[in-house]
Amino acid sequence: MKKIFSHDVLPIVENLHNVLKLNGIKSTIRSENLNVGIGGMGCCPELWVSDQEFEHALKLIETIDTLPPETDETWVCSNCMEEVEGQFSECWNCGKPRRQIL
Ligand SMILES: [Zn+2]
């Protein structure tokens, strides 16, 4: 197994997990439970795929532009930990984009 992706916002990892599944690639989400209530400190959910499918999955991820799904849910900036309303794609405090791959 190899880690192919991680993000501190679980729905983003789940979304990618589903995209890979739709493309016939089996992936596993790890560490998701650790993310609850800890403010994202060193506990990002990770997406893992098998060694055999890693290259394929990586190419797929590079071509995907669907991360994450737009929602109105408040999200937490991975840089400064400020809460940002769902309609904003960047952190109001530090300007860090919400969308982020690796
Ligand atoms: Zn920020």
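Remarks
- By the count of other C-beta atoms within 10 Å, a proxy for reagent exposure, Thr63, Thr28 are ordered fewest to most as Thr63, Thr28.
- Over 19 Å between alpha carbons, listed pairs Lys21/Lys59; Lys21/Lys96; Lys3/Lys26; Lys2/Lys96: Lys21/Lys96; Lys2/Lys96
- Sum of side-chain charges, Cys77 neighbourhood, beta-carbon under 11 Å (Lys, Arg +1; Asp, Glu -1): -2
- 3J(HN,Hα) along the range 13-29: 5, 5, 4, 5, 4, 5, 4, 4, 4, 4, 9, x, 9, 7, 9, 10, 8 Hz, from the Karplus curve 6.51 cos²θ - 1.76 cosθ + 1.60 with θ = phi - 60°, whole Hz, x for Gly and Pro.
- Nearest-0.05 FRET efficiency for Asp51 and Glu82, computed from C-beta distance (R0 41 Å): 0.60
- The slack between Thr63 and Lys21, meaning 0.36 nm per residue of separation minus the straight C-alpha distance, is 13.6 nm.
A short reminder: the numbers here are calculations on the coordinates, not readings from a lab. What you see is a predicted model; the values in this text were computed from it and never measured. Every residue, glycine among them, receives a Cβ derived from its backbone with ideal geometry; neighbour counts consider all protein chains shown.
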